[in-house]
Amino acid sequence: MGKTLTIFDLDNTLIKGDSSTLWSRFMVREGWVNDPDYLAREAMLMDDYDRGEMNIADYVALIQAPLIGVAKRDVDALLARCVRDEIMPRVYPQAWDLIRTLQAKGEQMLVISASVTLLVQAVAAQLGIEQALGIDVEMADGGYSGVIAGTPSYQQGKVVRLAQWQQAHPEYSGEVTFYTDSINDLPLCLHADRVRLVNPCPQLAAANAQHQWPVLAWRL
């Protein structure tokens with residue numbers, strides 16, 4: 001029997017809010033965005049996400065647009081400030097408690113998010129979780145592009161990315177526990193051995209009527 005694995009969604013699961021939205025707003029405040037309709041467009045796409053209908057390529061292109069042509073080191077420096085000031089204060093205390101408990105037990109943890117990898121890995125590192133998967137983007141001219149590379153970790157893509165990760169880490173073939181809030185993660189919920197719903201969205205709560213997965217109410 002292989003080692004067990006605990007997987008976390010990031011946005012609205014470990015943190016209150018969406019890291020991509022927080023990052024978008026931060027870029028606007030810092031003067032990195034020229035499009036006056038940027039946040040309105042982001043909000044419309046997030047509404048699509050909440051319904052499980054987002055075009056993920058369109059969203060990644062929008063989120064990444066302010067970063068095109070900017071040196072990676074400058075992006076990473078701004079991102080570090082955003083994670084520190086805007087995202088980490090939104091981590092649920094219950095998430096911290098669970099992460100620390102699992103760390104003490106030696107449990108392998110993995111964050112899989114539909115946010116872009118640079119953001120997901122930066123947040124996961126601050127949580128003390130070494131393994132994190134997000135939507136990869138192609139690099140261009142020493143910086144980030146807005147083009148998705150490989151399979152995006154969104155909806156069924158999360159199952160694909162997990163399988164790829166497990167191929168690279170075959171020792172973790174035991175029971176998989178998954179924490180999420182989103183209807184977009186239903187494919188991974190059905191794939192996992194154990195599921196815990198954290199403040200589930202209405203659609204996922206409705207889907208849970210036939211599964212009866214435990215529901216957790218986490219609050220700041």
Residue selected from the range 185-220 under the condition among the charged types (D, E, K, R) and out of contact with any strand residue (DSSP E or B) (no Cβ under 6 Å at 6 or more places or on another chain), by the criterion nearest to residue 14 (Cα to Cα): 219
Give the range 187-200 a look and list any residue that's over 17 Å from residue 115 (Cα atoms) and buried (at least 19 other Cβ atoms within 10 Å of the Cβ), or say none. 189, 192, 195, 196, 197, 198, 200
Within the range 74-100, take every residue that is charged (D, E, K, R) and in contact with a strand residue (DSSP E or B) (Cβ under 9 Å, 6 or more places away or on another chain) and give me the one that is surrounded by the fewest Cβ atoms within 10 Å (Cβ to Cβ). 74
Just wondering, is there one or more residues in the range 102-109 that are out of contact with any Pro (no Cβ under 7 Å at 6 or more places or on another chain), over 25 Å from residue 184 (Cα atoms) and crowded, with 20+ Cβ neighbours inside 10 Å? no
Among the residues of the range 160-171, is there at least one that is surrounded by 15 or more Cβ atoms within 10 Å (Cβ to Cβ), in contact with a Leu (Cβ under 8 Å, 6 or more places away or on another chain) and either among the β-branched types (Val, Ile, Thr) or assigned to a loop (DSSP other than H, G, I, E, B) (or both)? no
Could we say that residue 182 is of a type outside the set (D, E, K, R), loosely packed, with under 14 Cβ neighbours inside 10 Å and out of contact with any strand residue (DSSP E or B) (no Cβ under 6 Å at 6 or more places or on another chain) here? no
Which number in (1) over 23 Å from residue 18 (Cβ atoms); (2) without any contact (Cβ under 8 Å) to a residue 12 or more places away in the chain marks the one condition that residue 143 misses? (2)
Restricting attention to the range 128-148, does a residue exist that is under 22 Å from residue 50 (Cα atoms), buried (at least 16 other Cβ atoms within 10 Å of the Cβ) and in contact with a Lys or Arg (Cβ under 7 Å, 6 or more places away or on another chain)? yes
For residue 49, are the conditions met, namely being within 16 Å of the chain's Cα centre (by Cα), more than 16 Å from residue 137 (Cβ to Cβ) and aromatic (Phe, Trp, Tyr)? yes
Here the residues within the range 3-22 that are closer than 16 Å to residue 126 by Cα and among the basic types (Lys, Arg) are 16
Looking only at residues that are touching an Asp or Glu at 6+ places or on another chain (Cβ under 7 Å) and without any contact (Cβ under 8 Å) to a residue 60 or more places away in the chain in the range 23-45, which one is nearest to residue 151 (Cα to Cα)? 45
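All of the numbers you see were taken from the coordinates with simple rules; none came from a lab. Owing to the predicted nature of the structure, the values given are computational and were not obtained by experimental measurement. Quick reminder, even Gly has a Cβ in these numbers, built from the backbone with ideal geometry, and neighbours come from all protein chains shown.
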